[in-house]
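Asker: The structure is given below, and queries will be raised subsequently.
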């Protein structure tokens, strides 16, 4: 179980760092030009690539998780960390209640974001190589 937790923390950290870096570019450069919705949607394919490569990295770095059940556990633990971090930062930095933050999300980009969170949780499992 220790390896599952370690892999989940690394996976979360890699994807969170990518999202943070992209957010630092998105907010000052894209949002004023194309709006919040389109800026977030423009970021999604890059985040999908970050998720894809981060999942491959943790599967190489932590060979103990190369079983379907372990890969799912790692993905869902990382998702839990991501949701806690996202909501915690939003409530803390934006001085909003949780309900206000959820209500403030754009319906289109927010829905795509929720889909990306599910992809994030499942990607370690998707990236498992079939056993010969």
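We did not get these values from a lab; they are worked out from the coordinates using the rules stated. Not measured: the values here are computed from a predicted model. Cβ atoms come from the backbone with ideal geometry, glycine included; neighbour counts cover every protein chain shown.
Asker: Please give the helix 2-25 orientation as an angle from the longest Cα principal axis of the chain, in degrees from 0 to 90, rounded to the nearest 10.
Answerer: 30 degrees
Asker: What does the helix-only formula give at 222 nm for the chain: each DSSP H stretch with n ≥ 4 adding -39500 (n - 2.57), the total divided by the residues, and the result rounded to the nearest 500 deg cm²/dmol?
Answerer: So the calculated ellipticity at 222 nm is -28500 deg cm²/dmol.
Asker: Select from 28, 45, 68 the residue whose mean-square fluctuation is largest in a Gaussian network model of the chain (Cα-Cα springs shorter than 10 Å).
Answerer: Most flexible of the set in this elastic network: 28.
Asker: Right, another one. Could you work out which residue, out of 92, 80, 111, moves most in a Gaussian network model of the chain, that is, has the largest mean-square fluctuation with Cα springs under 10 Å?
Answerer: 92
Asker: Among 113, 11, 101, which one shows the highest mean-square fluctuation when the chain is modelled as a Gaussian network with alpha-carbon springs under 10 Å?
Answerer: 101
Asker: A follow-up question, please. Using the basic label-point model (7 angstrom from Cα toward the beta carbon), what is the residue 38 to residue 99 distance in nanometres?
Answerer: About 3.4 nm, to one decimal.
Asker: Tell me, what is the Rg over Rh of segment 24-63, with Rh the Kirkwood radius over Cα pairs?
Answerer: Computed over Cα atoms, the ratio is 1.22.
Asker: Can you tell me which of 54-61, 2-9 comes out highest on packing, and rank the rest after it, using the mean Cβ neighbours within 10 Å?
Answerer: 54-61, 2-9
Asker: With N set to the number of residues, divide the alpha-carbon radius of gyration of the chain by 2.2 N^0.38 Å and report two decimals.
Answerer: That ratio works out to 1.11.
Asker: Still on this structure, please answer the following. If one puts a single equal scatterer on every Cα of segment 75-132 and applies the Debye formula without solvent, what log₁₀ I(q)/I(0) results at q = 0.13, 0.16, 0.22 Å⁻¹?
Answerer: -0.43, -0.59, -0.92
Asker: Can you give me the angle between helix 31-61 and the longest principal axis of the chain, using Cα atoms only, in degrees from 0 to 90, rounded to the nearest 10?
Answerer: Once rounded, the angle reads 10 degrees.
Asker: Relative to the longest principal axis of the chain, what angle (0 to 90°, nearest 10) does the C-alpha long axis of helix 107-126 take?
Answerer: 10 degrees
Asker: Follow-up question, since we're still on this one. Specify the inter-centroid distance of segment 38-60 and segment 66-120, based on alpha-carbon positions, in whole Å.
Answerer: Between the Cα centres of segment 38-60 and segment 66-120 lies a distance of 14 Å.
Asker: Ok, one more. Restricting to Cα pairs below 8 Å that are 6+ residues apart, what does the relative contact order work out to for the chain? Please round to a whole percent.
Answerer: Dividing the mean separation by the residue count of the chain yields 37 percent.
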